[in-house]
Amino acid sequence: MTTSQASVSFTTASVGKKVLMAITGICLIGFLIVHLIGNLQLFIGQEQLNKYAETLQSLGGLKWGFRLFMLVLAVIHVWKGVVLWLENRRARPIGYHREDTVQASLSSRTMIYTGLLIFAFVVYHLLHFTLIVTNPEYAQLKDSVGRVDVYSMVITGFSNYAIAIAYLIAMFLLAYHLSHASESFFQTMGWANDKYLPKLKILSNLFAIVIFIGYASMPIAVLLNIVKLPGGGN
Amino acid sequence: MNLTLYVWRQKDAEDKGSLEKYDARDINHHMSFLEMLDVVNEGLIQEGVDPIAFDHDCREGICGMCSLMINGRAHGPEKATTVCQLHMRHFKDGDTIYIEPWRAKAFPVTKDLIVDRSAFDRVMQAGGFVSVNTGGAPDANALPIPKANADVAFDAAACIGCGACVASCKNASAMLFVSAKVSQFALLPQGHAERKQRVEKMIAQMDEEGFGNCTNYYECEAACPKEISVRFIAKMNREYLMATIAK
Ligand code: HEM
Ligand code: SF4
Ligand code: FES
């Protein structure tokens, strides 16, 4: 008996696509954790954050390698997410007149929407703080030793209510995506069972809350004047 | 009790079909849902109207033929209950009840509330078996199986192939059914030899039939009359990953 004729390529098989979503998703989560720890140095102060930013910028080839890796992860995750969603709509061409939902969480049913909104936010975030396209005036910010003043840039950025609120909303959507995503990861990889699954649901929600509080703390601290521009003004 | 029913009527596979309103009069609380439909059909036959076609066979919750979406729930509002075991005492006098067929591209409607579920049969034909040379039956104790494995395999084997998992899944995914079948074999020594090609072939066939992809909603588990757990989906994902890595 041969197996070859039946084995559709892993990347297009239903379960294979899910595994790709899960692996790229968990790598993105890994990035979120590292990125958060890096950013929280905002609370230590200007010197620390700017030094950190300069170190990252000085990585040269490694930096570009990492950026490319992140891009590939994001493209696979978004692409497979959209394909799954389209296929799933096609699997039920005629719907029900009455349809109940018993235990599927709202976060699980809105993954494609939270996902696409996060994607839109990531594009804006890169244009805003990384490529400095939307607010070109940030490019002039330099600290006393002539480094790019990331510290002042973040505070100036979040002092704008519209921008700060947009970031807060995006972080909420991200946390909402993660509350289903982290639990889903274990199920997709086959590591969930009756004993762990209920605990994974709780842990997944807790993790999402930690990520939200972590990221939201920065715009909130700026809005509440807890972290201030070096001159003391805001 | 008296009820208002909205029932999906469709002459054949090609017909567009529509929801039709019927009155169910003098229904006894002790009747099953299917017996209630029998009463309505008696009335329709006397009026010269084509009776409502629906699937059923054993009427004791074991064959998996009955298959109705009742008020948006596969097999109706009761947990772990097939339609044939659903009693009218769970409804109130004056209730309005929507009755629709399973909806999935892989389960085309053939008439009224009857769908063609042979996609499940083809998934089984793809790998839901153990290849053996049939001879005399082996001694029952010749093949020791740990009690824990036997119990879990039995839980999986409780699946009656009704398709409620597909009907209730927002993605019309067949993962609960296929995973129950894959697990039931993978857990027992007889099924062990073919476990890798089995999971690959059954999943390939499932995809080919046009079922959706699982997104871990777990609506299937809530609808399943045999309470098949979504842990079997995790198990099948693991089986599939192992089979892929092994290649
Ligand atoms: C930092 C950003 C993101 C992270 C950390 C992340 C993480 C995850 C993880 C871990 C999963 C679970 C995979 C599984 O089903 O096992 C997931 C699912 C999903 N993601 Fe993301 N994601 C992110 C951004 C996005 C974006 C931009 C989209 C845009 C389309 C998206 C769409 C989806 C969809 C549709 C699912 C559901 C797949 C399913 O339930 O089967 N995600 N995400
Ligand atoms: S898993 Fe449950 S709902 Fe699905 S076919 Fe088997 S018995 Fe029916
Ligand atoms: S008619 Fe056999 S299970 Fe309902």
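The values are calculated or read from the model by the stated rules, or taken from the named source; none is laboratory data. All values reported here derive from a predicted model rather than from experimental measurement. Cβ coordinates were reconstructed from backbone atoms using ideal geometry, including for glycine residues, and neighbour counts include every protein chain displayed.
Sort through B:MET69, B:MET88, B:MET31 and tell me the only one that's under 30 Å from B:MET206 (Cα atoms) and of a type in the set (A, V, I, L, M).
Of the residues listed, the single one that is under 30 Å from B:MET206 (Cα atoms) and of a type in the set (A, V, I, L, M) is B:MET69.
Suppose the filter is within 23 Å of B:SER131 (Cβ to Cβ), more than 14 Å from ligand 2 (Cβ to nearest atom) and either in contact with a Leu (Cβ under 8 Å, 6 or more places away or on another chain) or not in a loop (DSSP other than H, G, I, E, B) (or both); does B:ILE245 pass it?
no
Yes or no: B:LYS111 under 27 Å from B:MET36 (Cα atoms), surrounded by fewer than 12 Cβ atoms within 10 Å (Cβ to Cβ) and more than 12 Å from every other protein chain (Cβ to nearest Cβ)?
No.
Take the stretch B:209-219 and flag every residue that is away from ligand 1 (no atom under 11 Å from the Cβ), crowded, with 24+ Cβ neighbours inside 10 Å and not hydrophobic (A, V, I, L, M, F, W, C).
The answer is B:GLU219, and nothing else.
Please go through the stretch A:167-194 and pick out each residue that is more than 10 Å from chain B (Cβ to nearest Cβ) and of a type in the set (Phe, Trp, Tyr).
A:TYR167, A:PHE172, A:TYR176
Taking B:GLN190 and the conditions (1) assigned to a helix (DSSP H, G or I); (2) surrounded by fewer than 24 Cβ atoms within 10 Å (Cβ to Cβ); (3) modelled with pLDDT of 95 or more, which numbered condition does it fall short on, given that it satisfies the others?
Result: B:GLN190 fails condition (3) only.
For the condition within 24 Å of A:LEU106 (Cβ to Cβ), away from ligand 1 (no atom under 16 Å from the Cβ) and surrounded by 24 or more Cβ atoms within 10 Å (Cβ to Cβ), what is the one hit in B:ALA222, B:ALA234, B:ALA167?
B:ALA167
Out of A:VAL145, A:VAL123, I need the residue that is more than 30 Å from B:GLY210 (Cβ to Cβ), of a type outside the set (Gly, Ala, Ser) and within 16 Å of ligand 1 (Cβ to nearest atom). Which one?
After applying the criteria, what remains is A:VAL123.
Being under 18 Å from B:THR110 (Cβ atoms), within 16 Å of ligand 3 (Cβ to nearest atom) and exposed (fewer than 15 other Cβ atoms within 10 Å of the Cβ), is that true of even one residue in the stretch B:53-61?
Yes: one or more hits.
Can you find a residue in the stretch B:200-209 that is of a type in the set (Val, Ile, Thr), under 12 Å from B:MET175 (Cα atoms), more than 13 Å from ligand 2 (Cβ to nearest atom) and part of a helix (DSSP H, G or I)?
The answer is yes, given that some residue of the stretch B:200-209 is of a type in the set (Val, Ile, Thr), under 12 Å from B:MET175 (Cα atoms), more than 13 Å from ligand 2 (Cβ to nearest atom) and part of a helix (DSSP H, G or I).
So which residues in the stretch B:61-71 are within 15 Å of B:VAL166 (Cβ to Cβ), assigned to a loop (DSSP other than H, G, I, E, B) and in contact with a strand residue (DSSP E or B) (Cβ under 8 Å, 6 or more places away or on another chain), if there are any at all?
If the condition is that a residue be within 15 Å of B:VAL166 (Cβ to Cβ), assigned to a loop (DSSP other than H, G, I, E, B) and in contact with a strand residue (DSSP E or B) (Cβ under 8 Å, 6 or more places away or on another chain), then B:SER67, B:LEU68 are the ones that fit.
Select from the stretch B:72-105 the residues that are within 14 Å of chain A (Cβ to nearest Cβ) and not in a loop (DSSP other than H, G, I, E, B) and write down the one among them that is nearest to ligand 3 (Cβ to nearest atom).
B:ALA74
Return the residues of the stretch B:55-105 that are within 13 Å of ligand 2 (Cβ to nearest atom), among the β-branched types (Val, Ile, Thr) and in contact (Cβ under 8 Å) with a residue 60 or more places away in the chain; say none if nothing qualifies.
B:ILE62, B:THR81, B:THR82
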